[in-house]
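Chemist: Supplied in structure tokens, the structure appears directly below.
The values are calculated or read from the model by the stated rules, or taken from the named source; none is laboratory data. As the structure is a prediction and not an experimental result, all values here were calculated from the model. Here the Cβ positions follow ideal geometry from the backbone for every residue, glycine too, while neighbour counts run over all protein chains shown. We work out accessible area using only protein heavy atoms, side chains counted, and drop any ligands, DNA or RNA first. Shrake-Rupley method; radii C 1.70, N 1.55, O 1.52, S 1.80 Å.
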Amino acid sequence: MTRNAYPLARTMLDNGLQVVVSEDHAVPNVAVNLWVGVGSRHESPGGTGLAHLFEHLMFQGSRSVASGEHFSLLMDQGARLNATTWFDRTNYFETVPTGALELALWLEADRHGHLLDAVNQENLDNQRDVVKEEKRQRYDNQPYGTALIDVYATVFPPEHPYHHPTIGSMEDLDAATLEDVHAFFRAHYGPNNTVLTLAGDLTPEHGFAMAERYFGDLPPIDVHQRPLLPQLPPLDEAVRLDRVRDVPNDRVYVTFRLPVDATPQYHACAIAIDVLGGLASSRLMRRLVRVDETATSVGGWTMGLVDGVGLGALTIDVAPGADAEAAEAALCEEAARFIEEGPDEAEMESVLADTERAWLSSLAGLDERADHISQYTLLHDDPDYVNRFIDEVRAVTADDVRAAAAQWLHPDSRAVVRFLAETDAEAAA
């Protein structure tokens with residue numbers, strides 16, 4: 001299939017800021033997207049949660065901007081904006097009318113270069129409390145809310161940078177001083193640790209000139225980075241963690257270490273996970289939901305990471321009255337059968353068609369396109385990967401998928417987290 005490649009132009013300012021422009025005049029908007037090379041994997045033991053804390057602090061004012069004005073000024077122009085934090089990066093983004101581009105860049109440059117003017121003890125204490133409340137609402141007081149925290153702690157060893165979640169430890173946040181917070185910002189927030197992507201109604205020349213105007217005078221930093229870890233092998237044996245909780249039904253997470261993102265083996269594992277659990281017509285769906293009726297739903301997903309490992313998961317929502325162990329055993333049987341047989345032609349084409357549809361749909365929107373470009377520029381030094389991704393996935397054969405499953409998805413290499421619904425007696429206790 002012939003696809004039109006999205007235009008990409010790239011430059012680097014003298015201070016190290018990488019700038020990528022994807023010109024597209026279909027609508028009079030521009031997506032402004034910054035990826036900073038700091039996430040929870042860059043945190044030190046005893047200092048977790050700081051990367052996510054800065055996602056909040058970045059909206060509390062800077063040298064020339066009052067607290068809350070970043071949102072209000074852009075929303076008054078019809079923009080939509082937010083930020084996210086993950087293992088490998090922190091992402092700040094807004095999609096603005098073309099006429100508001102300079103306002104957006106001025107605001108971003110002010111907080112990326114001069115945030116610490118506004119990070120005082122009052123702001124730190126305030127946002128520390130906001131993060132605690134977020135943890136209560138999104139993790140502690142949600143059914144299965146801490147499942148991924150348990151998954152990370154089970155599948156990754158304690159010394160690994162992906163072992164702890166992005167939300168961090170509340171004890172570590174409480175212990176963080178104002179000096180600790182300032183030092184963390186200075187170690188990671190600089191133009192030479194950042195990618196700025198502009199996608200939409202502008203030319204590369206205009207985008208580069210605006211980036212130079214607003215970011216060009218920001219000084220580079222001494223980035224506190226370490227070499228990426230070598231590939232983490234599959235688990236030597238199955239490991240398990242059980243949680244008895246007030247949840248609607250038993251849920252089983254069967255997870256595996258995978259190769260790092262944007263590699264042929266990672267793509268092969270992702271296809272295998274989709275065939276087993278990710279598709280509407282997946283093998284687990286047919287067996288556990290439609291035939292055995294031991295599950296109400298199943299799922300499959302992968303997480304592309306860069307620091308020596310990726311993550312894949314198959315999930316089962318166990319049906320009322322069904323046995324969680326039997327459902328897990330059936331999953332292992334299907335995984336073992338897949339390793340023997342590999343995917344058939346129909347399964348391969350179904351996964352590839354679904355992957356292509358989802359990918360091209362995401363690139364059609366300026367905001368998601370800009371996000372993908374920033375991702376592959378920051379983490380892989382390869383912005384054009386967005387134009388090659390489908391070809392890379394389609395180059396994977398059924399034999400590649402079977403071989404990758406045999407190496408990475410063997411049932412003996414699984415890490416299992418089970419959330420088991422408590423009985424009436426357990427609830428009373």
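Chemist: Out of the residues in segment 275-297 that are touching a residue at least 40 places away in the same chain (Cβ under 8 Å) and part of a loop (DSSP other than H, G, I, E, B), state the one that is most open to solvent (accessible area, probe 1.4 Å).
Modeler: Checking each candidate, the answer is S281.
Chemist: Right, another one. V181 is checked against (1) open to solvent by 10 Å² or more (accessible area, probe 1.4 Å); (2) not in a loop (DSSP other than H, G, I, E, B) and fails just one. What number does that condition carry?
Modeler: (1)
Chemist: Another question, then. Consider only pairs whose beta carbons are under 9 Å apart and that are at least six residues apart or on different chains; among these, list those whose first residue lies in segment 214-239 and is within 19 Å of G37 (Cα to Cα) and whose second residue is in a loop (DSSP other than H, G, I, E, B) and among the aromatic types (F, W, Y).
Modeler: Correct list of pairs: I221/Y189.
Chemist: Got at least one residue in segment 298-305 being open to solvent by 10 Å² or more (accessible area, probe 1.4 Å), closer than 30 Å to V247 by Cα, part of a strand (DSSP E or B) and out of contact with any helix residue (DSSP H, G or I) (no Cβ under 9 Å at 6 or more places or on another chain)?
Modeler: Scanning segment 298-305 turns up at least one residue that is open to solvent by 10 Å² or more (accessible area, probe 1.4 Å), closer than 30 Å to V247 by Cα, part of a strand (DSSP E or B) and out of contact with any helix residue (DSSP H, G or I) (no Cβ under 9 Å at 6 or more places or on another chain).
Chemist: For segment 113-125, indicate whether the set of residues that are open to solvent by 30 Å² or more (accessible area, probe 1.4 Å), part of a helix (DSSP H, G or I), under 30 Å from Y214 (Cβ atoms) and touching a strand residue (DSSP E or B) at 6+ places or on another chain (Cβ under 9 Å) is non-empty.
Modeler: no
Chemist: Say we look at segment 146-166 and pick out the residues that are part of a helix (DSSP H, G or I) and of a type outside the set (A, V, I, L, M, F, W, C); which of these is nearest to V306 (Cα to Cα)?
Modeler: Y152
Chemist: Oh, and also: Being within 19 Å of the chain's Cα centre (by Cα), acidic (D, E) and over 11 Å from Y253 (Cβ atoms) is the filter here, so list the residues in segment 128-156 that pass it.
Modeler: Matches in segment 128-156: E134 only.
Chemist: Further question: State whether the residues of segment 191-212 include one that is over 28 Å from A31 (Cα atoms) and of a type in the set (S, T, N, Q).
Modeler: no
Chemist: Would you tally the residues in segment 345-389 being hydrophobic (A, V, I, L, M, F, W, C) and touching a strand residue (DSSP E or B) at 6+ places or on another chain (Cβ under 7 Å)?
Modeler: Within segment 345-389, residues that are hydrophobic (A, V, I, L, M, F, W, C) and touching a strand residue (DSSP E or B) at 6+ places or on another chain (Cβ under 7 Å) number 4.
Okay, residues lined up against (1) among the basic types (K, R); (2) out of contact with any His (no Cβ under 8 Å at 6 or more places or on another chain); (3) buried (at least 17 other Cβ atoms within 10 Å of the Cβ):
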residue	(1), (2), (3)
T48	no, no, yes
A51	no, no, yes
L57	no, yes, yes
Q60	no, yes, yes
H70	no, yes, yes
G78	no, yes, no
N82	no, yes, no
V96	no, yes, yes
G99	no, yes, no
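Chemist: Quickly run through segment 1-34 and pick out the residues that are of a type outside the set (D, E, K, R), at pLDDT 95 or above and either surrounded by fewer than 16 Cβ atoms within 10 Å (Cβ to Cβ) or over 26 Å from the mean Cα position of the chain (by Cα) (or both).
Modeler: Within segment 1-34, P7, T11, M12, L13, N15, H25, A26, V27, P28 meet the criteria.
Chemist: Identify, from the list A336, A268, A272, the residue that is open to solvent by less than 20 Å² (accessible area, probe 1.4 Å), in a helix (DSSP H, G or I), more than 30 Å from R226 (Cβ to Cβ) and in contact (Cβ under 8 Å) with a residue 40 or more places away in the chain.
Modeler: A272
Chemist: Continuing with this model, one more query. Going residue by residue through segment 414-425, is there one that turns out to be over 30 Å from P248 (Cα atoms) and of a type outside the set (D, E)?
Modeler: no
Chemist: Out of the residues in segment 383-402 that are assigned to a loop (DSSP other than H, G, I, E, B) and open to solvent by 40 Å² or more (accessible area, probe 1.4 Å), state the one that is farthest from S350 (Cα to Cα).
Modeler: Here the residue is D384.
One line per residue, one yes/no per condition, for (1) under 21 Å from the mean Cα position of the chain (by Cα); (2) over 30 Å from A326 (Cα atoms); (3) open to solvent by 20 Å² or more (accessible area, probe 1.4 Å):
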position	(1), (2), (3)
A187	no, yes, no
G200	no, yes, no
F208	no, yes, yes
P220	no, yes, yes
H224	no, yes, yes
R251	no, no, yes
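Chemist: Also: Please specify each residue of segment 340-356 satisfying the condition of being over 26 Å from the mean Cα position of the chain (by Cα) and surrounded by 18 or more Cβ atoms within 10 Å (Cβ to Cβ).
Modeler: Across segment 340-356, the qualifying residues are G342, P343, E347.
Chemist: Out of the residues in segment 126-143 that are open to solvent by 30 Å² or more (accessible area, probe 1.4 Å) and touching a residue at least 40 places away in the same chain (Cβ under 8 Å), which is farthest from E171 (Cα to Cα)?
Modeler: P143
Chemist: Out of V65, V119, I need the residue that is at pLDDT 95 or above and within 28 Å of R41 (Cα to Cα). Which one?
Modeler: Just a single option satisfies the conditions, and that option is V119.
Chemist: So, in segment 21-66, how many residues would count as being under 27 Å from D381 (Cβ atoms) and in contact with a helix residue (DSSP H, G or I) (Cβ under 8 Å, 6 or more places away or on another chain)?
Modeler: Count: 22.
Chemist: Of all residues being in a strand (DSSP E or B) and not β-branched (V, I, T) in segment 306-333, which is farthest from L276 (Cα to Cα)? Just the residue, please.
Modeler: Checked segment 306-333; the qualifying residue farthest from L276 (Cα to Cα) is G310.
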